[in-house]
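Taking it in order: structure first as structure tokens, then the write-up.
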Protein chains: 2
Amino acid sequence: MVATIGDVARLAGVSTTTVSRHLAGQRIREAAAVQATIETLDFRANEVARSLKSGVTRSIGLVVPDVSNPFFAAVAKGVESVSRQLELNVFLSNTDESVERERAVLQGLVGRVDGVILVPAREETDNTAELRRANVPIVLLDRRLRGGNDLDSVLVDSPGGAAQAAEHLLSLGHRRIGLISGPLDTTPGRERHDGFMAALGAAGVELDPTLIRIGDFKLESGYQATLRLLGLPSAVTAIFAANNLMSIGALRALHHLGIRVPDELSFIGFDDLELAELLSPPLSVISRPAVEQGVLAMRLLRNRIEGAGSPKAQHIVLETRLLVRGSCRPPQPSSDGAIPATRIPIGNPS
Amino acid sequence: MVATIGDVARLAGVSTTTVSRHLAGQRIREAAAVQATIETLDFRANEVARSLKSGVTRSIGLVVPDVSNPFFAAVAKGVESVSRQLELNVFLSNTDESVERERAVLQGLVGRVDGVILVPAREETDNTAELRRANVPIVLLDRRLRGGNDLDSVLVDSPGGAAQAAEHLLSLGHRRIGLISGPLDTTPGRERHDGFMAALGAAGVELDPTLIRIGDFKLESGYQATLRLLGLPSAVTAIFAANNLMSIGALRALHHLGIRVPDELSFIGFDDLELAELLSPPLSVISRPAVEQGVLAMRLLRNRIEGAGSPKAQHIVLETRLLVRGSCRPPQPSSDGAIPATRIPIGNPS
DNA sequence: ACGATTACTGGAATCGTTACCAGTACTTCC
DNA sequence: GGAAGTACTGGTAACGATTCCAGTAATCGT
């Protein structure tokens, strides 16, 4: 059905070697005839056979927690745009924040890819052993790995970003602030938590432990955390959520509770949202260059694959930006008391 | 560096054939010893070699216009969740709505995948010839192909959805409605346009051609279309946008113009948005099961790959749902006149 | 005119796996 | 006890490309 190099050779009256050389761009005597038969047969070299012989797959793996998270979708777009130029195919896999899935996914990639861009599920769980044994270059994206300082990485300045959020709230006069943190065993979870706390500490503000809710970066946990924060006897005047999905969950909870932002409560999230500007109030956020993170990761990976990378690992850290829109203002005197328990609904978001 | 089946055979004192049989689950005499050496060597069969021999790649291609569009991100998630269960790897590619990119992408997939899920850029441009020649099963997602009725497809009832939108606006009393359509040479573009117009026609409403703006499904075109619609001498009282990105663009334009929805203008869009409920007003939309579209497409593809599909093509059409939230209301007498030109700003969104 | 250089050529081995095809040992049955 | 069946075994040839290694013909330099 599909022509092989042997078919071309036979029809053109040369050896497969000659056809192969023609394909590789070397000059051969019968170039015209060979090219003609290639075209009549509509021959394309079998990539699988090529890969087996050469050990190069012209594919890479992109392993993220969840493509339907707009941040990772943007990353995927960045990765894909560079890899298309390099004529590399991209295997996309979701781990759903699970280390078991991550392990299965990475194992399934061994031998099928020339490199991997990985957003690890947990800092402590290093599932890269098999890839490393197979000499597959890895670039870490957005999250680090405990023992992975020898791997290239593209992060953002999470401590700095979280500090920007804290300072913004502090400067408005907030002292009693709810923190919806990500898991502390992920890089951004830990760093945003620590960065936020450090900035508060530097201003002499100590956060009551009940004001810190540890979520899992998913929407539902932002929703639940917000309900908890607002059910406390002494209310918070502001909330910071450590990623986009938890921000959406938090906003849903506030919406269901009927709490007006920023009149009753100030809110700021990490990661911009496509519609952030169109919400009312427009959402203030810590933004960061998501597509660029993907682009840079792919460039680092390319260098490693081509063996052109410097021997020691490269660590790129991109800056965040505080976008002040309209969801934060000084705490109102009237909002010092707790939200009445009667306003807390039963059920879940959506 | 990485062990081969030969290494295992040598160490276990058997032939490669025997090891291969063990891998395939047949019973062999030295099963225990072979298994032991496999584990000490940490051997995993080379997938590329397997593919070459068997002609099966255990991979599929997913070709969409743009993963960063939340709809396609949801589709990708659905596809990926099924394919993980089937232990298939997914190649993800973006075409950016370009037929040239699509052609390049599809060619690059020949020989590397067992099947393809494709969202074609244009109905008229069939780039599947090479895949078909190579007997690669194809499932069309969300869009059809002119000559592709022999291919399985998973669509939504776009005419019906657009009609729901039209009827909703009509029932509220709107007669002068702006339509931001997608490209007419894509299935959803054409079908939503036609469905919308048909429903209006059935109610005796003829739309002035100047009220129909043909966009390209991208954000910027929704923004520009909205500016044009609102610059008309006789203003529209409602706008329908045919997809999510153009809706966002339109909302940005309305926001920049300072036009209050639904007081001055009603708005309804095709495709739900994660934050639609949190906008003010909450956005009324035509929603549809995006993840499920991906799931069903992957199931159809699986059947084809396993040769279990019925000989003739399967066409699945999912229903849309009108979600009435708060962005539509009867036209206000005061909004009959055109928006003063002075309120139209210069520049672009973002 | 003769060895050296250049410009090609094709045969055969190889990548790592699977599958066909005999072959061997042991059991079973009449 | 011999034929037939069962339960394995391993050698070898593929899959479709690339590459090493000779080999041949033409051109070059002196």
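Some points to look at:
- Average partner coverage of A:133-145, which counts Cβ from other chains inside 10 Å: 1
- Candidate aspartates and glutamates for bridging to residue A:312, where Cα separation is under 18 Å - those fewer than 8 sequence places away on the same chain excluded: A:150, A:152
- Two-decimal Rg to Rh for segment B:174-285 - Kirkwood Rh, Cα set: 0.93
- Label spacing, shortest first and in nm, from residue B:233 to its equivalents in the remaining copies (7 angstrom along Cα→Cβ): 7.1
- In sequence order, calculated HN-Hα J values of segment A:188-198 (Karplus, 6.51, -1.76, 1.60; Hz; x Gly/Pro): x, x, 5, 5, 6, 4, 5, x, 5, 5, 4
- Helical mean residue ellipticity (222 nm; -39500 (n - 2.57) per DSSP H run of 4+; nearest 500) of the protein assembly as shown: -12000 deg cm²/dmol
- FRET efficiency estimate (nearest 0.05) - Cβ-Cβ, residue B:7 to residue A:133, R0 22 angstrom: 0.95
- The mean accessible area for residues of segment B:5-45, using a 1.4 Å probe and ignoring ligands and nucleic acids, is 64 Å² per residue.
- With the label put 7 angstrom out from Cα along the Cα-to-Cβ vector, residue A:198 ends up 6.2 nm from the copy partners, going from closest to farthest.
- Among A:56-66, B:198-208, the order from most to least packed when residues are scored by Cβ within 10 Å on average: A:56-66, B:198-208
- Amide N proximity, segment B:1-20 versus residue B:33 label position 7 Å along Cα-to-Cβ, cut-off under 12 Å: B:9-15
- Look at the stretch B:66-76: the mean tally of other chain Cβ atoms within 10 Å of its residues' Cβ atoms is 5.
- Summed over the residues of segment B:57-350 and divided among them, the accessible surface reaches 36 Å² per residue at a probe radius of 1.4 Å.
- Annotation: the antiparallel percentage among DSSP beta bridges lying fully within segment B:57-350 is about 10.
- Sorted from greatest to least, the principal axis extents spanned by the alpha carbons of chain B come out as 91, 38, 32 Å.
- Candidate lysines - alpha carbon under 21 Å from residue B:53, same-chain residues fewer than 8 apart omitted: A:53
- Based on the Stokes-Einstein relation at 25 °C and a viscosity of 0.890 mPa s, and on the Kirkwood radius from alpha carbon pairs, the protein assembly as shown is assigned a translational diffusion coefficient of 88 µm²/s.
- Summing charges over all other residues whose Cβ lies under 10 Å from the Cβ of residue B:158, with Lys and Arg as +1 and Asp and Glu as -1, gives 0.
- Accessible surface of segment B:5-45 [probe 1.4 Å, protein heavy atoms]: carbon and sulfur percent: 47
- Accessible area buried at the A-B interface, both sides summed, 1.4 Å probe (Å², nearest 100): 5000
- Shape index of segment A:5-45: Rg/Rh, with Rg the Cα radius of gyration and Rh the Kirkwood radius from the inverse mean 1/r over Cα pairs, equals 0.89.
- Label 7 Å beyond Cα on the Cβ vector: residue A:2 copy-to-copy distances, nm: 2.1
- Using a Förster distance of 22 Å, the FRET efficiency for residue A:81-residue B:317 (Cβ separation, nearest 0.05): 0.10
- Computed over chain A: relative contact order in percent, which uses C-alpha pairs under 8 Å that are six or more apart: 17
The values are calculated or read from the model by the stated rules, or taken from the named source; none is laboratory data. All values reported here derive from a predicted model rather than from experimental measurement. Here the Cβ is made from the backbone with ideal geometry for all residues, glycine too, and neighbour counts use every protein chain on show. Areas reflect the complete protein model, heavy atoms only, side chains present, ligands, DNA and RNA absent. Shrake-Rupley method; radii C 1.70, N 1.55, O 1.52, S 1.80 Å.
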